[in-house]
Amino acid sequence: MDYAEGTPMTGSCHCGAVGITVPAPPDQVSQCNCSLCRKTGWIGGYWHPDDVQIDAAPDALTPYIQGDKMITSWHCRTCGSHTHWTPITAPPQRMGVNMRMFVPEDWRHLPVLKVDGASF
Ligand SMILES: [Zn+2]
């Protein structure tokens, strides 16, 4: 799908309880081999937190904080989709959104950055 400049991209978790809107597709998506990304099927797009709109009831999302406690990973309480993460410490200037919450046509043509998170 082609997006005109400034056309927001919208997605949701599997059941639809969590909606996500970003200003535009990212320049690339990230695929990481760390255990969290592998086990949650994460393919990341990254934006400044001010640029991401999460539409969900207050109790619709469940947080998960692991290991180094740098980020909070959020998943839908109803369907379990891993929707996004928000920073706890670093890097505070960005948050991650799981590109799988958008239709594949929106992002599968983008360059894939392979991240070796398992070695960090
Ligand atoms: Zn859901």
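The values are calculated or read from the model by the stated rules, or taken from the named source; none is laboratory data. Not measured: the values here are computed from a predicted model. Here Cβ is always computed from backbone atoms with ideal geometry, including for glycine, and neighbour counts include all displayed protein chains. Just the protein is used for accessible areas: all its heavy atoms, side chains included, with ligands, DNA and RNA removed. Shrake-Rupley method; radii C 1.70, N 1.55, O 1.52, S 1.80 Å.
Tabulated data for the structure shown
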item	result
Pairs where the first residue, in region 70-97, is farther than 19 Å from ALA57 by Cβ and at pLDDT below 95 and the second is part of a strand (DSSP E or B) and of a type in the set (Gly, Ala, Ser), C-beta under 8 Å, 6+ apart	ILE71/GLY96
Pick from region 46-68, criterion in a strand (DSSP E or B) and within 12 Å of THR21 (Cα to Cα), ranking: most open to solvent (accessible area, probe 1.4 Å)	GLN53
Strands (runs of 3 or more DSSP E) fully within region 69-120 counting 1 or more residues that are open to solvent by 70 Å² or more (accessible area, probe 1.4 Å)	112-115
Qualifying positions in region 25-45 - away from the ligand (no atom under 16 Å from the Cβ) and surrounded by fewer than 15 Cβ atoms within 10 Å (Cβ to Cβ)	ASP27, GLN28, ASN33, SER35, ARG38, LYS39
